[in-house]
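The values are calculated or read from the model by the stated rules, or taken from the named source; none is laboratory data. Note that the structure is predicted; figures quoted are calculated from it, not measured. For neighbour counting, all protein chains shown are included, and Cβ atoms are generated from backbone atoms with ideal geometry for every residue, glycine included.
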Amino acid sequence: MGSDADMEDYGFEYSDDEPEEQDVDIENQYYNSKGMVETDPEGALAGFDQVVHMEPEKAEWGFKALKQTVKLYYRLGKYKEMMDAYREMLTYIKSAVTRNYSEKCINNIMDFVSGSASQNFSLLQEFYQTTLKALEEAKNERLWFKTNLKLCKIWFDMGEYGRMSKILKELHRSCQREDGSDDQKKGTQLLEVYAIEIQMYTETKNNKKLKELYLRALSIKSAIPHPRIMGIIRECGGKMHMAERQWAEAATDFFEAFKNYDEAGNPRRIQCLKYLVLANMLMESEVNPFDGQEAKPYKNDPEILAMTNLIAAYQKNDIMEFEKILKSNRRTIMDDPFIRNYIEDLLKNIRTQVLLKLIKPYTRIRIPFISQVTHSLYCS
C-alpha cells in the first residue's frame with residue numbers, strides 16, 4: 001500500500017488532470033455543435049449554449065460558441081436573438097480572449113452582417129452602435145476607429161450622406177489634438193478619413209470641399225498609408241481636375257491612382273487607366289500612356305483594348321472610326337457615366353481638327369461650304 005505522501009501526489013496529479021478533461025469535453029461539444037449547423041440548426045444552437053454554460057468562467061470556447069450562435073441566428077432571421085447573443089459575446093472582449101483574436105472575430109462578424117443586411121437599416125444601426133459602445137468600454141481605440149470607418153463606408157454605399165457626416169465628425173475628433181488641429185502623428189488614420197470623405201464630396205459634386213480636403217490629404221507627410229487609400233484620393237483628385245477642365249493635372253492624378261491601385265491589387269486600376277486615356281486625349285497629348293512600363297502589361301486587356309483603339313482613331317482624327325468604336329464598345333466605354341460626360345468634348349475636338357484640315361488649302365471660303373462640311377461632320 002502506498003504512503004500518505006504517495007496518495008497526496010496521486011491526488012494532486014488527478015486534480016491537475018481534471019480541468020484538461022473538462023477542456024476536452026468543452027472542445028468536443030463545440031465541434032459536435034458546429035457539425036450540426038447545416039443539418040440541425042436548432043440542435044446546434046442548443047449545443048453552443050451548452051458550451052457557454054460548461055465553462056466555469058468566460059473563456060475562448062464560450063466566445064467561439066457565441067460567435068457561431070450570432071451567425072446562425074442571423075441566417076435564421078432571428079435578429080433579436082442574434083443581438084442578445086452578440087451582446088453576450090462582446091462581454092468576453094475585455095479579458096476572456098486576446099485583443100487580436102477578438103478584433104479578428106468582430107471584424108469577421110461585421111463583414112458577415114454588413115454584406116447581407118444592407119437594406120436592414122435598423123439592424124445595421126443597432127449592430128454597429130452595440131459594437132462601438134462595447135469597444136469604447138473596452139478602450140479599444142483601434143477597432144473603434146476601424147468600425148466607424150466600416151459604418152461610414154456602408155452609409156456611403158447607400159447614399160446616406162447625412163448619417164455619414166455625423167460619423168466623419170467623430171472620426172475627425174479622434175485624429176485631433178486638444179486645440180482642435182489635426183494630429184500629424186495620426187497621419188495614416190487621417191488619410192483614411194480623408195479618403196472616405198473625399199469620395200462623398202466627389203459623389204455630391206461639392207468641388208470646393210473636395211479641393212480643400214484633397215490638398216490637405218496630399219500635404220500629410222507623416223503617414224504610411226495603404227496604397228488603396230492613396231488610389232482613392234488620387235482618383236477623386238483626377239475627377240476634380242476633370243470637372244475644372246485641367247486635363248494635364250487630371251492625367252497626372254489618374255496615373256498615380258492607377259499605380260497605387262496596381263500596387264494594392266485593386267481592380268479599380270483598370271478604370272483609372274481608362275480615365276488616364278480620356279484625360280490624355282482631352283489634353284491632346286501625343287504620348288501614348290501604354291508606352292510606359294507600368295501600363296504596358298494592360299494594353300491588351302479586354303477592358304482596355306477599346307480605349308487603345310479609341311486613342312488611335314482620335315490621334316488620326318478619324319471621326320467615323322471613333323464613333324464606330326464608341327457604338328461597338330458601349331459596355332466598356334459609354335456605360336461609365338464619368339467617361340460619357342466627356343465624349344462630346346472629344347467629338348468636338350475631332351470635328352474641329354477635321355474642319356481645320358479641310359479648309360487649310362483655301363485662301364477664301366464661302367459660308368455655305370463651311371455649313372455643309374459642319375453639317376456632314378455632326379450628322380456622321
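It is to be established whether one or more residues within segment 25-46 are basic (Lys, Arg) and over 33 Å from the mean Cα position of the chain (by Cα).
Residues of segment 25-46 basic (Lys, Arg): 34.
Restricting the remaining residues to those that are over 33 Å from the mean Cα position of the chain (by Cα) gives none.
Checking segment 25-46: not a single residue is basic (Lys, Arg) and over 33 Å from the mean Cα position of the chain (by Cα).
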Residues of segment 158-207 that turn out to be among the charged types (D, E, K, R), in contact with a Leu (Cβ under 7 Å, 6 or more places away or on another chain) and free of Cβ contacts under 8 Å to residues at least 40 places away in the same chain, as a count: 2
Unmet criterion (only one of (1) more than 24 Å from the chain's Cα centre (by Cα); (2) under 21 Å from residue 258 (Cβ atoms); (3) surrounded by 13 or more Cβ atoms within 10 Å (Cβ to Cβ); (4) not charged (D, E, K, R)) for residue 304: (1)
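Of all residues being surrounded by 13 or more Cβ atoms within 10 Å (Cβ to Cβ), in a helix (DSSP H, G or I) and over 15 Å from the mean Cα position of the chain (by Cα) in segment 113-128, which is modelled with the lowest pLDDT? Just the residue, please.
So the first thing to find is which residues in segment 113-128 are surrounded by 13 or more Cβ atoms within 10 Å (Cβ to Cβ), and the list is 113-114, 117, 120-121, 123-128.
From what is left, the residues that are in a helix (DSSP H, G or I) are 113-114, 121, 123-128.
Checking which are over 15 Å from the mean Cα position of the chain (by Cα) leaves us with 113, 121, 123-128.
Values: 113: 84, 121: 76, 123: 87, 124: 85, 125: 85, 126: 90, 127: 91, 128: 91.
Filtering first and then ranking leaves 121.
Hey, which of the helices (runs of 4 or more DSSP H) in segment 165-249, taking only ones fully inside, have at least 3 residues that are more than 25 Å from residue 263 (Cα to Cα)? If you could, list the steps in order and put the result at the bottom.
Numbers: elements: 187-203, 207-219, 227-243.
Filter on segment 165-249 gives 207-219.
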Candidates 333, 319 - the one that is under 26 Å from the mean Cα position of the chain (by Cα) and either over 24 Å from residue 238 (Cα atoms) or crowded, with 17+ Cβ neighbours inside 10 Å (or both): 333
Which numbered condition residue 74 fails, given (1) in contact with a Leu (Cβ under 8 Å, 6 or more places away or on another chain); (2) outside any loop (DSSP other than H, G, I, E, B); (3) not charged (D, E, K, R): (1)
Leading residue by the ranking (nearest to the chain's Cα centre (by Cα)) among those in segment 196-221 that are of a type in the set (A, V, I, L, M, F, W, C) and buried (at least 19 other Cβ atoms within 10 Å of the Cβ): 196
